[in-house]
C-alpha cells in the first residue's frame, strides 16, 4: 500500500533537512580543520623560514652576490653588481621600515627614486638620511596616503609630470590596526591601504608609465609587498572584505585578507600580457615599527625577527633580476618562488585558502567598480 502523499512529502522533507544539516556540519568541520591546519602549519613553517635564522639559511644557497647592507654603492667592494642608473623606481610607505630600506638600496644603485609617503616630516627625515648615505640627490618625495583614492590619483599625476616611464613599482604601504578605522571614502583602512588604493588603483594608474618602460626595451616590474600571513586565509566575499563589523573587527584577519588579495592581484595582472612582470613577495618576520605597534610584547612569538635588510634584501633583488629569471604572477620569499597555500595535510596546499574562479572574477570586478575605472 502506497503511503499517503502528505506522508511521502514529510519523509522527503525530513530527509532533505537531515542531508542539509549533515552537509552544513561537514562543511563546518572542514572549515575548522582547514583553519587549524593553516594556522599550525603556517607557524611551524614560519619559524623555519620566515625568521632571521631562516634568512641566513636561505642566503647560504644564493648563487648570485648579496651585499651586507642596503647603502653599498655600485662598483665598490661588497656590492652585488646591480646598476640602476637611469631607472625610475616608485616605492610606497617609503619613510620607514622595509620601504625606507628599499629606497636606500635603490638610491645607492643610482636610480631616480620616488618615495610615496603620508608624513612630510618623516619623509623629509628619511630622504635626508638616504641622500647623505648614498650621495644620490635624485630622491623625490610624493606626499600621499594611499588608502585615500583621490590622493593616489594625485600622486600618480605628480610622477607623470616628471617622468616618461616607471621601471619598478613597489606597493609596500599599509598598516595593521587593532581597531576598525575608515577612510574619507568610507573604506576600511587596512584593506584600502594595502589593497584597494595602495595596490590595485596605484598599479592601474601607473600602467601607462610601466608600459612605456616596456616599449623602451626595459624590464618593468610591479612588486606587491605582501605577508606570509596571507597563508592563513582565502579571500572572503566582497562584503566581508570591505564591510567588517566594528564590534567584531579583527585587525589581523583584515590584514591577512588584504595580503591574500595582493597575491591574487599579481596573478591576475600577470595574465594581461602587458610586458610587465607582476610579483608578490614577503619579507619574512621582520622587526619593523609596524610589528611593534600591532603585536607589542607578542612579537616574541616570531623571534628571532629579521633585521630590516634581511627582510628587504629578497625584495630588492627583483630590481636587478632578469625577466626570464622570474615567474610572472609568482609569490616569493628570499629570491625563491613559494607555494601560495599551506593548509593541507603535511604542509600540502589543501583547499581551505583557495578561491574559485568565480570568486576571483567577482573580486576583480568589484575592485574596478569601487575605484571608478
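The values are calculated or read from the model by the stated rules, or taken from the named source; none is laboratory data. Keep in mind it's a predicted model, so treat the numbers as computed, not measured. With ideal geometry, Cβ positions are generated from the backbone for all residues, glycine too; neighbour counts draw on all protein chains shown.
Show the residue pairs meeting these rules: Cβ distance below 9 Å; 6+ apart or different chains; first residue within region 313-334 and at positive phi and surrounded by fewer than 22 Cβ atoms within 10 Å (Cβ to Cβ); second residue at pLDDT below 95 and assigned to a loop (DSSP other than H, G, I, E, B).
Here the result reads none, with nothing in region 313-334 linked to a residue that is at pLDDT below 95 and assigned to a loop (DSSP other than H, G, I, E, B).
Output the residue which, of all residues in region 152-172 that are in a helix (DSSP H, G or I) and touching a residue at least 12 places away in the same chain (Cβ under 8 Å), is nearest to residue 88 (Cα to Cα).
159
Output the number of residues of region 176-194 satisfying the condition of being under 13 Å from residue 243 (Cα atoms) and in a helix (DSSP H, G or I).
Adding up the residues that qualify gives 4.
Go through 168, 131, 142 for me and flag whichever is surrounded by fewer than 20 Cβ atoms within 10 Å (Cβ to Cβ) and in contact with a strand residue (DSSP E or B) (Cβ under 7 Å, 6 or more places away or on another chain).
From the options 168, 131, 142, the qualifying one is 131.
Restricting to region 303-327, and then to whatever is more than 19 Å from the chain's Cα centre (by Cα) and in a helix (DSSP H, G or I), can you tell me which residue is nearest to residue 277 (Cα to Cα)?
Only one residue tops the list, namely 323.
Suppose the filter is assigned to a loop (DSSP other than H, G, I, E, B) and over 30 Å from residue 179 (Cβ atoms); does residue 284 pass it?
Against the criterion (assigned to a loop (DSSP other than H, G, I, E, B) and over 30 Å from residue 179 (Cβ atoms)), residue 284 does not qualify.
Can you run down the residue pairs with Cβ atoms below 7 Å, 6 or more apart or on separate chains, where the first is in region 128-142 and at positive phi and part of a loop (DSSP other than H, G, I, E, B) and the partner is surrounded by 19 or more Cβ atoms within 10 Å (Cβ to Cβ) and at pLDDT below 95?
Pairs that qualify, where the first residue is at positive phi and part of a loop (DSSP other than H, G, I, E, B) and the partner is surrounded by 19 or more Cβ atoms within 10 Å (Cβ to Cβ) and at pLDDT below 95: there are none.
Yes/no per residue for (1) part of a loop (DSSP other than H, G, I, E, B); (2) on the phi < 0 side of the Ramachandran plot; (3) touching a helix residue (DSSP H, G or I) at 6+ places or on another chain (Cβ under 7 Å):
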site: 202; (1), (2), (3): no, yes, yes
site: 208; (1), (2), (3): no, yes, no
site: 219; (1), (2), (3): yes, yes, yes
site: 224; (1), (2), (3): no, yes, yes
site: 257; (1), (2), (3): no, yes, yes
site: 262; (1), (2), (3): no, yes, yes
site: 265; (1), (2), (3): no, yes, yes
site: 268; (1), (2), (3): no, yes, yes
site: 273; (1), (2), (3): yes, no, no
